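A.B. asks: First the structure, which I've put down as structure tokens, then a few questions once you've had a look.
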Amino acid sequence: MLSKIYSLAVLGLDGYIVQVETDFGTGVFSISIVGLPDTAVKESRDRVTSAIKNSGFKHPRCRVTVNLAPADIKKEGPAYDLPIALGILASQGIVRESSLKDYAMIGELSLDGSIKPVNGVLPMCLCARRAGFKGVILPNKNSDEGALVQGLDIISASSLNEIIDFLNSGNTIKPHVVDIKKVLPDEPTYNADFADVKGQAHVKRALEIAASGGHNIVMVGPPGSGKTMLAKRLPTIMPSLSLEEALEITKLYSVAGLLPSKGSLINIRPFRSPHHSISYAGLVGGGSVPQPGEISLAHLGVLFLDELPEFRRDVLEVLRQPLEDGVVTISRALTSITYPARFMLVAAMNPCPCGHFSDSLKGCTCTPFQIQRYWSKLSGPLIDRIDLHVEVPRLKQDELTKHPTGEPSKEIRKRVSFARKIQRERFKKEKIFSNAEMNVRQIKEYCSLGKDAEELLKAAILQLKMSARAYDRILKVARTIADLEGSETIKAAHIAEATQYRSLDRKS
Amino acid sequence: MSFAIDRGKFGEDKAVEYLESKGYKIIERNYKCRFGEIDVIARDGNEFVFVEVRTFCNGNLVEPVESVFRDKRKRLLYMVERYINERDIEGECRIDLVGINLERDGEVKKIKHIEDAFWGHRY
């Protein structure tokens, strides 16, 4: 007898429906799975056989053919265990066929018939809602994640028997519901705060500007001056996430299998700090069916590259295109997948290999050649994409012993959110969200200078021998500084402040 | 006839007796084709049961039911498929193993019956 069951799968960030067809033929018991299964899907027949036996049923004494349609897309992972098992039981007449067409189901089976969590539940459930299913049957541990999709009955179960009871006798399992307000609070809680940081007022100011305009920033300073500490606190001053943003991040983490077991929605901005030994595939994403890389996991958050010159050069260069476009398209022989990657790049580095160049306490022991080689790791095009350069000096002794008296993140966040709101209003008609994303035309349109500001900028360009690119950068940063003040036009003071954040341009 | 064939025949008779005592209906014995021979074909309720009988004398270190190796399993699967196509049967099927241990004097010492002994998955 033939049975049809709906299941779900993901390709990139989008779900699609997989129909699991099960047919019986006379012969000795065997299961053959067709429809481009990978090893995990093929092995599912052994898990399914044991799970059926240990749930108190007999496996069929006949030849079983399972087809996963559409047959031309590669099927991966263990999420088809549950639909295959139920397909077999339905063909045997143990499960009532009539209830099967309303629900899509996913889940990995354990040999004892219990159901284990799978990856990519959120995009799958979104797809199920689009396709008009009444609900989705999924593992208990994925229920919080699935319930983020409103208007879909999330039936979660811990064992095969529970699901068979549910399908045969109607509503014995209540749909799982999650209160969005509870999982996405207006004020996110971080376990770090800018108030912990001693001194470094000008760096904090630069980070505030960076967070306001979505600018990339590089911090240069001797070891122990607090670069990492400051960077870690950057997400705490960025505006809180909207529901759409939170769902987008959660989708990425769901596909990557990185969702925390407790709590379903990622409700704070991600902070990713990959080690400098990372490969380019780890950074932008890769694999025969590409998985999201660090830049996508940092989407709408912060990508922190500590010890920037230690990264492999080819790894840094692949950052250039996603920094520009906000997305990364990974093409492999099988598929081509586009992941979002709108992140803020925050880099930290020492001024020289020994780290003590321009240090007030310790002398530098590097030769000029060593320093030159160290800096040459950073190509012009990459430095060009970083709007703000700040030097982070060592703290003075009396600053160190003082109690931290910095402004709390909450206060700074208020100002940042204010500046972001102005930008959202301004770019309503454009396809961008922040000042950092402006192109040349938009800079011309939105960065109107006052008379004295224009003169000051001209003088700065001439005096400091800055490039045309640096000119644009200064305008963008000045725009953000003006937004922070709520000023319509860019004034001379804004230009003056923006110019001092181009210190690396002056060096080279 | 050689001793080995006699012993096999004797064991199959004993196995048939045993299966009938368990309520199986014997349909056919010694179904032959070019892959070999199915010793007993029976019906247990509505299931077709294909039985391979192994008879060992006492003193053999291997259990009789353990002596059906991959090659034999493969041939059995081929033969069952062929039988199903030839007789055009429909219904549930399984393969059973019956192992018989004999004393030196020909007494049956032990009968071991494994139902649904192996499956036809293709790896």
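A.B. asks: Select from B:PHE56, B:PHE69, B:PHE48 the residue whose mean-square fluctuation is largest in a Gaussian network model of chain B (Cα-Cα springs shorter than 10 Å).
C.D. replies: Sorting by GNM fluctuation, first place goes to B:PHE69.
A.B. asks: Semi-axes of the equivalent ellipsoid of the stretch A:405-508: what are they in whole Å, largest first, if each equals the square root of 5 times a C-alpha gyration tensor eigenvalue? List each step's numbers first, then the result.
C.D. replies: Values: eigenvalues 109, 64, 33 Å².
The three semi-axes for the stretch A:405-508 are 23, 18, 13 Å.
A.B. asks: Counting residues in the stretch B:70-122 as N, plug N into 2.2 N^0.38 Å and put the Cα Rg over that result. Spell out each step's value before the answer.
C.D. replies: On the way: Rg = 14.7 Å, N = 53, 2.2 N^0.38 = 9.9 Å.
So the stretch B:70-122 has a normalised radius of gyration of 1.48.
A.B. asks: How far is helix A:201-213 tilted, in degrees, relative to the longest principal axis of the Cα atoms in chain A, given as a value from 0 to 90 rounded to the nearest 10?
C.D. replies: It works out to around 50 degrees.
A.B. asks: State the three equivalent ellipsoid semi-axes of the stretch A:152-264, derived from the C-alpha gyration tensor as the square roots of 5 times its eigenvalues, in descending order and whole Å.
C.D. replies: Taking √(5λ) for each eigenvalue gives 44, 14, 12 Å, largest first.
A.B. asks: Each residue of the stretch A:307-319 in order: what ³J(HN,Hα) in whole Hz does its phi give by Karplus 6.51 cos²θ - 1.76 cosθ + 1.60, θ = phi - 60°, with x for Gly and Pro?
C.D. replies: Per residue, the Karplus-derived 3J(HN,Hα) values read 6, 3, x, 7, 5, 5, 4, 5, 5, 5, 5, 5, 5 Hz.
A.B. asks: Right, another one. Taking Cα atoms, how many degrees apart are the long axis of helix A:81-91 and the longest axis of chain A, rounded to 10 and kept between 0 and 90?
C.D. replies: 20 degrees
A.B. asks: Per-residue mean of other chain beta-carbon atoms within 10 angstrom of the beta-carbon, peptide B:114-122?
C.D. replies: Taking the mean over all residues of the peptide, I get 4.
A.B. asks: Roughly how much accessible area, to the nearest 100 Å², goes out of reach of solvent when A and B pair up, both sides summed, probe 1.4 Å?
C.D. replies: So the total buried area for this chain pair works out to about 1300 Å².
A.B. asks: Shifting gears a bit: Relative contact order for the stretch A:383-508 using alpha-carbon pairs under 8 Å, separation at least 6, rounded to a whole percent?
C.D. replies: It rounds to 35 percent for the stretch A:383-508.
A.B. asks: Cβ neighbours within 10 Å, averaged per peptide: list A:123-130, A:358-365 in order, most packed at the top.
C.D. replies: Highest to lowest by the protection proxy: A:123-130, A:358-365.
A.B. asks: Quick check on packing: order A:145-153, A:50-58, A:339-347 by the mean number of other C-beta atoms within 10 Å, highest mean leading.
C.D. replies: Descending mean neighbour count gives A:339-347, A:145-153, A:50-58.
A.B. asks: How high is the relative contact order of the stretch A:189-317, in percent, counting Cα pairs under 8 Å that sit 6 or more residues apart?
C.D. replies: RCO, the stretch A:189-317: 22 percent.
A.B. asks: If you project the alpha carbons of the stretch A:89-171 onto their three principal axes, what span does each projection cover, largest first, in Å?
C.D. replies: Answer, in whole Å and largest first: 32, 27, 19 Å.
A.B. asks: State the three equivalent ellipsoid semi-axes of the stretch A:213-338, derived from the C-alpha gyration tensor as the square roots of 5 times its eigenvalues, in descending order and whole Å.
C.D. replies: In descending order, the three semi-axes are 23, 21, 13 Å.
A.B. asks: Right, here's the next one. May I ask you to order A:286-294, A:94-102 by the average number of other C-beta atoms within 10 Å around their residues, highest value first?
C.D. replies: A:286-294, A:94-102
A.B. asks: Inside 10 Å of the C-beta atoms of A:148-157, what's the mean count of C-beta atoms belonging to other chains?
C.D. replies: 0
A.B. asks: Another one. Just to confirm my numbers, what's the Cα centroid distance between the stretch A:154-182 and the stretch A:386-429 in Å?
C.D. replies: Rounded to whole Å, the Cα centres lie 46 Å apart.
A.B. asks: Could you state the orientation-averaged shadow area of the convex hull built on the Cα atoms of the stretch A:465-508, in nm² to one decimal? Walk me through the numbers before you get to the answer.
C.D. replies: On the way: hull surface 11.7 nm².
For the stretch A:465-508, the mean projected area of the Cα convex hull comes to 2.9 nm².
A.B. asks: A further question follows. Compute the convex hull volume of the Cα atoms of chain B, divide it by the residue count, and report the result per residue in Å³ as a whole number.
C.D. replies: Roughly 114 Å³ of hull volume per residue.
A.B. asks: Related question: In nm, to one decimal, how far is the modelled label at A:LYS414 from the one at A:ALA333, with both set 7 Å along Cα→Cβ?
C.D. replies: According to this spin-label approximation, the distance is 5.9 nm.
A.B. asks: So for chain A, Kirkwood radius off the Cα pairs, Stokes-Einstein at 20 °C and 1.002 mPa s: how many µm² s⁻¹? Working shown, then result.
C.D. replies: Working: Rh = 25.6 Å.
The estimated diffusion coefficient comes to 84 µm²/s.
A.B. asks: In the structure shown, do any of A:LYS182/A:LYS410; A:LYS428/A:LYS476; A:LYS182/A:LYS429; A:LYS134/A:LYS251; A:LYS75/B:LYS72 have a Cα-Cα gap over 23 Å, and if so which?
C.D. replies: A:LYS182/A:LYS429; A:LYS75/B:LYS72
A.B. asks: Counting only Cα, what are the radius of gyration and maximum Cα-Cα distance Dmax of the stretch A:327-415, in Å?
C.D. replies: Considering the stretch A:327-415 through its Cα atoms, Rg and Dmax are 19.8, 60 Å.
A.B. asks: In addition: Quantify how strongly other chains surround peptide B:84-90 by giving the mean number of their Cβ atoms within 10 Å of each of its Cβ atoms.
C.D. replies: Counting Cβ atoms of other protein chains within 10 Å of each residue's Cβ and averaging gives 2.
A.B. asks: If you don't mind, there's one more thing I want to ask. Roughly how many percent of the accessible protein surface of chain B is carbon and sulfur, given a 1.4 Å probe and a whole-percent answer?
C.D. replies: Answer for chain B: carbon and sulfur cover 48 percent of the accessible area.
A.B. asks: Have a look at B:VAL65, B:VAL108, B:VAL40 and tell me which one the Gaussian network model of chain B (Cα, springs below 10 Å) gives the largest fluctuation.
C.D. replies: B:VAL108
A.B. asks: Further question: Normalised by the residues of the stretch A:1-61, what does the relative contact order come to in percent, with Cα pairs under 8 Å and at least six apart?
C.D. replies: 25 percent
A.B. asks: If I take R0 = 35 Å and measure r between the Cβ atoms of B:GLU28 and A:LEU2 in this structure, what FRET efficiency does the formula 1/(1 + (r/R0)^6) give, to the nearest 0.05?
C.D. replies: The pair B:GLU28/A:LEU2 has a calculated efficiency of 0.70.
A.B. asks: Oh, and also: Just to be sure I understand: of the beta bridges DSSP finds with both ends in the stretch A:236-376, what percent are antiparallel, rounded to 5?
C.D. replies: 50 percent
A.B. asks: What value, in deg cm²/dmol to 500, does the helix sum -39500 (n - 2.57) over DSSP H runs of n ≥ 4 give at 222 nm once divided by the residues of chain A? Intermediate results must be reported in sequence, preceding the final value.
C.D. replies: Details: 23 runs with 197 residues, N = 508.
Taken over chain A, the calculation gives -10500 deg cm²/dmol.
A.B. asks: Work out, in µm²/s and without decimals, the Stokes-Einstein translational diffusion coefficient of the stretch A:1-80 at 37 °C, 0.692 mPa s, Rh from Kirkwood over C-alpha pairs.
C.D. replies: 247 µm²/s
A.B. asks: Let me ask something else. To test your reading of the geometry: what angle, between 0 and 90 degrees and rounded to tens, separates the Cα axis of helix A:243-256 from the longest principal axis of chain A?
C.D. replies: 70 degrees
The values are calculated or read from the model by the stated rules, or taken from the named source; none is laboratory data. This one's a predicted model, so the numbers in the text were calculated from it and none came from an experiment. Every residue, glycine as well, gets a Cβ built from its backbone with ideal geometry; the counts of neighbours run over all protein chains shown. Calculation scope for accessible area: heavy atoms of the full protein, side chains included, ligands and nucleic acids excluded. Shrake-Rupley method; radii C 1.70, N 1.55, O 1.52, S 1.80 Å.
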